[in-house]
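Trainee: Pasting in a structure now, in structure tokens, and then I'll have a few things to ask.
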Amino acid sequence: MGSRRRDIPEINAGSMADIAFLLLVFFLVTTTMDIPTGLQVALPPISEEPPPDSKQRKREVLEVLVNAGDQLLVEGAPLSIDRLRQKTMDHLTNEGKDPTLSTTSTKAVVSLKNDRGTSYDMYVQVYNELTAAYNEVRDEYSMTEFGKEYSKLDPTREKEKIKQVKAKYPKKLSEAEPVSLGGN
């Protein structure tokens, strides 16, 4: 028996680049990209008129603060989140009755301030309650005026009604840049 040397077969690597390219294209096509989501907020138009007197303005503003410990303070006093909507609605619909709340619905402003340490979840809860308060007062006004909720008004056929409701209860939700308010 002679020693016969076997030849090791070579692997054909000619199409390896094609296969790698096809796999790359496949993974690029099938992969989804996460797009960071945020809140869609419509900014108010720029006003040319000067700001009103600060003492009078203090009454028109409902101050809502959320500190680093996710504690909610309205006008400096602690308030539970489930009572925030009603407090905001009272401020918007006061029409001068309560001397601590706004004089008219058109001048009423809600100021939202939060701490850098405020959790995003708490911020969204507070923002949702404030927006819901605006929606509820608009719905109630629209029901008494037109017999139909504001949220159910058709934007193509009932533009004037929508404009009237927005004029009565303009959404004046002021948000300040997050700062360090303290608190745990």
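The values are calculated or read from the model by the stated rules, or taken from the named source; none is laboratory data. Quantities reported herein were computed from a predicted structural model and do not represent experimental measurements. For neighbour counting, all protein chains shown are included, and Cβ atoms are generated from backbone atoms with ideal geometry for every residue, glycine included. Just the protein is used for accessible areas: all its heavy atoms, side chains included, with ligands, DNA and RNA removed. Shrake-Rupley method; radii C 1.70, N 1.55, O 1.52, S 1.80 Å.
Trainee: For segment 138-151, check the following and say yes or no: at least one residue is assigned to a loop (DSSP other than H, G, I, E, B) and basic (Lys, Arg).
Mentor: Checking segment 138-151: at least one residue is assigned to a loop (DSSP other than H, G, I, E, B) and basic (Lys, Arg).
Trainee: Which condition number in (1) assigned to a helix (DSSP H, G or I); (2) under 21 Å from Gln40 (Cβ atoms); (3) in contact (Cβ under 8 Å) with a residue 24 or more places away in the chain is the one that Asn135 fails?
Mentor: (3)
Trainee: Of all residues in segment 59-95 being in a strand (DSSP E or B) and in contact (Cβ under 8 Å) with a residue 40 or more places away in the chain, which is most open to solvent (accessible area, probe 1.4 Å)? Full working, then the answer.
Mentor: Residues of segment 59-95 that are in a strand (DSSP E or B), as a first pass: 61-66, 72-74, 77-78.
Of the ones still in play, those that are also in contact (Cβ under 8 Å) with a residue 40 or more places away in the chain are 61-66, 72.
Details: Val61: 25, Leu62: 1, Glu63: 60, Val64: 1, Leu65: 41, Val66: 2, Leu72: 10 Å².
Per the criteria, the residue is Glu63.
Trainee: What is the residue count in segment 107-128 for residues that are under 21 Å from Tyr169 (Cα atoms) and either in a loop (DSSP other than H, G, I, E, B) or aromatic (Phe, Trp, Tyr) (or both)?
Mentor: Here the count works out to 3.
Trainee: To continue, here is another question. Check Thr104 against each of (1) among the polar types (S, T, N, Q); (2) surrounded by 12 or more Cβ atoms within 10 Å (Cβ to Cβ); (3) part of a loop (DSSP other than H, G, I, E, B); (4) touching a residue at least 12 places away in the same chain (Cβ under 8 Å) and name the one condition it does not meet.
Mentor: (4)
Trainee: Could you check, for segment 127-143, whether at least one of its residues is on the phi < 0 side of the Ramachandran plot, at pLDDT below 90 and open to solvent by 30 Å² or more (accessible area, probe 1.4 Å)?
Mentor: Looking for residues that are on the phi < 0 side of the Ramachandran plot, at pLDDT below 90 and open to solvent by 30 Å² or more (accessible area, probe 1.4 Å), one finds none in segment 127-143, hence no.
Trainee: It is to be established whether one or more residues within segment 155-170 are touching a residue at least 24 places away in the same chain (Cβ under 8 Å), open to solvent by less than 60 Å² (accessible area, probe 1.4 Å) and hydroxyl-bearing (Ser, Thr, Tyr).
Mentor: Scanning segment 155-170, I find at least one residue that is touching a residue at least 24 places away in the same chain (Cβ under 8 Å), open to solvent by less than 60 Å² (accessible area, probe 1.4 Å) and hydroxyl-bearing (Ser, Thr, Tyr), so the answer is yes.
Trainee: Looking at (1) under 16 Å from Lys166 (Cα atoms); (2) touching a strand residue (DSSP E or B) at 6+ places or on another chain (Cβ under 8 Å), find the lone condition where Thr93 falls short.
Mentor: Evaluating Thr93 over (1) under 16 Å from Lys166 (Cα atoms); (2) touching a strand residue (DSSP E or B) at 6+ places or on another chain (Cβ under 8 Å) leaves (2) as the failure.
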